[in-house]
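See structure below.
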Amino acid sequence: MGSPSALVQQLLAWRAQALQAAQAAGIPPQEVELLLRERLGWGSLERLLGRPPTLQGDPLAEVEELWRRRLTERIPLQYLLGRVEWAGLSLRVTPAVLIPRPETELLVEQASLWLQSNLLPPGSPFADLGTGSGAIAIALAQGHPQLQLLAVDVSPEALAVAAANVADYHLQERVKLLQGSWFAPLDPWRGRLRGLVSNPPYIPTGELAYLMPEVRLHEPRQALDGGEDGLVHLRLLIQKAPDYLAPNSFWAVEVMQGQAPWVAEQLQARGGYQQIQVHRDLAGIERVVSAHFVG
Ligand SMILES: C[S@@+](CC[C@H](N)C(=O)[O-])C[C@H]1O[C@@H](n2cnc3c(N)ncnc32)[C@H](O)[C@@H]1O
């Protein structure tokens, strides 16, 4: 490695070229900055102050290799870095779990609003179905100490990632990870859940082939595939939840564009659900449907 200023010149040249490559490949330029910051501790502030990265060896080699894989294999940067920042949390992610999306924060926000106006006793059971990385369960456990989170996933590999995240936040006592399909592991809590949230797979099978390569090639199909009409899992969450929810509890799911009116209708038809509401995300898309289950 040469002098610090030579290294900075080298990094600046690499950055300029990577930014061009990102633009050509339709990748957000912020990813170049994120990669440099995460791997070399070299963000815009350090650049402004003329500070070189402090790493030993050849700091550019790893960054170059990760960037090559990002461009040629279309692997999401979050998988390459093994982390994502989401809802104020820093979470581990691997290709066994869906990368938590910004719009999913809306589900946590709506649950939090309900919890603020419906005071629950300590240890109240609240389920996150299809927990993946554990993102939603961890965010709710952190924000609401009265909750006992039951985080269910069918994938043992996903639950291993969730377990590491739960441990990072020292929440092992309050987030219970359960392996199984939807309500199957929740029998001990039948009729007792004070809330249920889920971001289930909701993409119609036929549309999976048209997703961007980052999603199509690298995210778990099991996290995306909502069956022929995309509604297979949502249907089950609407129909079965009343067997597991206590009177006066919360129910909410994330949906894809166009599904919210159908979900609202089904809730109405099923009965027991009131205050059925559709919430739009920052892009204006109807993204979350919530309801108060009266029993
Ligand atoms: C869209 S991802 C959501 C992950 C995470 N909750 C989030 O919002 O980032 C859906 C999750 O549902 C899980 N899943 C799929 N089928 C399931 C089933 N039958 N029972 C339980 N979980 C299931 C997948 O493994 C995946 O982790």
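Across segment 230-253, what is the total count of residues that are open to solvent by 70 Å² or more (accessible area, probe 1.4 Å), out of contact with any helix residue (DSSP H, G or I) (no Cβ under 9 Å at 6 or more places or on another chain) and away from the ligand (no atom under 12 Å from the Cβ)? Total meeting the criteria: 2.
Scan segment 15-23 and give yes if some residue there is within 30 Å of M256 (Cα to Cα), open to solvent by less than 20 Å² (accessible area, probe 1.4 Å) and out of contact with any strand residue (DSSP E or B) (no Cβ under 6 Å at 6 or more places or on another chain), otherwise no. Give the derivation first.
Within segment 15-23, the subset within 30 Å of M256 (Cα to Cα) is 22-23.
Subsequent filtering for residues that are open to solvent by less than 20 Å² (accessible area, probe 1.4 Å) retains 22.
Among the residues that remain, those that are also out of contact with any strand residue (DSSP E or B) (no Cβ under 6 Å at 6 or more places or on another chain) are: 22.
Yes, there is a match, as at least one residue in segment 15-23 is within 30 Å of M256 (Cα to Cα), open to solvent by less than 20 Å² (accessible area, probe 1.4 Å) and out of contact with any strand residue (DSSP E or B) (no Cβ under 6 Å at 6 or more places or on another chain).
Would you check if V215 is in a helix (DSSP H, G or I), of a type outside the set (D, E), open to solvent by less than 30 Å² (accessible area, probe 1.4 Å) and under 21 Å from P100 (Cα atoms)? Yes.
Considering only segment 183-212, state which residues are open to solvent by 40 Å² or more (accessible area, probe 1.4 Å), out of contact with any strand residue (DSSP E or B) (no Cβ under 8 Å at 6 or more places or on another chain) and farther than 30 Å from L115 by Cα. The answer is G206, E207, A209, Y210, M212. Keeping to segment 79-107, report how many residues are within 12 Å of the ligand (Cβ to nearest atom) and among the acidic types (D, E). Total meeting the criteria: 2.
Report yes if some residue within segment 209-218 is touching a Pro at 6+ places or on another chain (Cβ under 6 Å), assigned by TED's automatic domain parsing to the domain that holds R270 and within 9 Å of the ligand (Cβ to nearest atom); otherwise report no. No: zero hits.
The values are calculated or read from the model by the stated rules, or taken from the named source; none is laboratory data. Since the model is a prediction, treat every value here as computed from it, not as a measurement. Glycine gets a Cβ as well: all are built from the backbone with ideal geometry, and neighbour counts include every protein chain shown. Surface accessibility is based on the protein's heavy atoms, side chains included, excluding ligands, DNA and RNA. Shrake-Rupley method; radii C 1.70, N 1.55, O 1.52, S 1.80 Å.
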